[in-house]
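Data first, discussion second: the structure below is written as structure tokens.
The values are calculated or read from the model by the stated rules, or taken from the named source; none is laboratory data. Being a predicted model, the structure only gives us computed values, none of them experimental. Note that we place each Cβ from the backbone using ideal geometry, even for glycine, and neighbour counts take in every protein chain shown.
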């Protein structure tokens, strides 16, 4: 059975380490940014609605470009702004905050425009073609419900940057590949030929095939209800000016409270990203190779 499927793209970040708006930075000369490759792959896999969470710095002419693409390719396009005050309890002072509240808050901003099964991705991650097909098949199979979600994860070795530390959700699974624990670590890197992250000033080594979350989750819309509750709790805890509310934290809370089971599958695709400006050349070369293999047209939309 083919069901309605939404791809939710999180594009509200400010790209501090990238030093620019990577959401709209074309990979090839005068070409499409990563999020358009994600849209292209999702449409090929049977997704029919695209929701994009954006910030106020995204140029209006780029939004018009996306609108024209949606008309040309006949899919539903919705964008919502990640406003600082969305979901914040009334009368709470947030004047100290200088950047968005994080990925969990970004998803919450789309609560009023998604009523169907949806997959979540980051705008600045290139997930690869096959992962969208896998997600689409899982949605159609009936595997996703209010009490069962999926995470399509990647071996940590394939997700590192040569240009600095990265944030990854490190997964611990049970014998049936259900998620037991997901820990967001913000300092994952390769050091002296091993992969480590730093926790409480101690370097922790992890194996190269450890699965990590790149925020490719598949959810039932009931997820929004728990997300809203957890974000309210987060705000009432008086978070520090730099603290963020992550999707994995909400997922972990739901697992701990036995509200949900999350099946983890290893991605069949190669991940690439642009955490740093220097990462772009590797992604560009990868896209060129895939164009040469006829996996993408040179111009996605013409």
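Just one residue in the set 288, 281 is at pLDDT below 90, surrounded by fewer than 18 Cβ atoms within 10 Å (Cβ to Cβ) and more than 21 Å from residue 186 (Cα to Cα); that residue is 281. Take residue 106 and tell me if it is within 16 Å of the chain's Cα centre (by Cα), surrounded by 14 or more Cβ atoms within 10 Å (Cβ to Cβ) and in a strand (DSSP E or B). Criteria not met by residue 106.
Kindly indicate whether residue 215 is assigned to a loop (DSSP other than H, G, I, E, B) and buried (at least 16 other Cβ atoms within 10 Å of the Cβ). Taking the combined requirement at face value, the residue satisfies it.
Once segment 137-176 is narrowed to residues that are farther than 24 Å from residue 254 by Cα and assigned to a loop (DSSP other than H, G, I, E, B), the residue that is nearest to the chain's Cα centre (by Cα) is 160. Restricted to segment 191-203, and to residues there that are loosely packed, with under 15 Cβ neighbours inside 10 Å and touching a strand residue (DSSP E or B) at 6+ places or on another chain (Cβ under 9 Å), the residue that is nearest to residue 154 (Cα to Cα) is 194.
The set of residues in segment 223-240 being surrounded by fewer than 16 Cβ atoms within 10 Å (Cβ to Cβ), touching a residue at least 40 places away in the same chain (Cβ under 8 Å) and either more than 21 Å from residue 90 (Cβ to Cβ) or out of contact with any helix residue (DSSP H, G or I) (no Cβ under 9 Å at 6 or more places or on another chain) (or both) consists of 232, 236. Restricting attention to segment 131-141, does a residue exist that is surrounded by 22 or more Cβ atoms within 10 Å (Cβ to Cβ), at pLDDT below 95 and either farther than 29 Å from residue 242 by Cα or touching a strand residue (DSSP E or B) at 6+ places or on another chain (Cβ under 8 Å) (or both)? Scanning segment 131-141, I find no residue that is surrounded by 22 or more Cβ atoms within 10 Å (Cβ to Cβ), at pLDDT below 95 and either farther than 29 Å from residue 242 by Cα or touching a strand residue (DSSP E or B) at 6+ places or on another chain (Cβ under 8 Å) (or both), so the answer is no. In segment 241-269, the qualifying residues are those that are assigned to a helix (DSSP H, G or I) and out of contact with any helix residue (DSSP H, G or I) (no Cβ under 9 Å at 6 or more places or on another chain), and the one that is surrounded by the fewest Cβ atoms within 10 Å (Cβ to Cβ) is 256.
When segment 6-23 is limited to residues that are in contact with a helix residue (DSSP H, G or I) (Cβ under 6 Å, 6 or more places away or on another chain) and surrounded by fewer than 23 Cβ atoms within 10 Å (Cβ to Cβ), the one that is modelled with the lowest pLDDT turns out to be 18. In segment 36-78, of all residues being at pLDDT 95 or above and part of a strand (DSSP E or B), the one that is farthest from the chain's Cα centre (by Cα) corresponds to 76.
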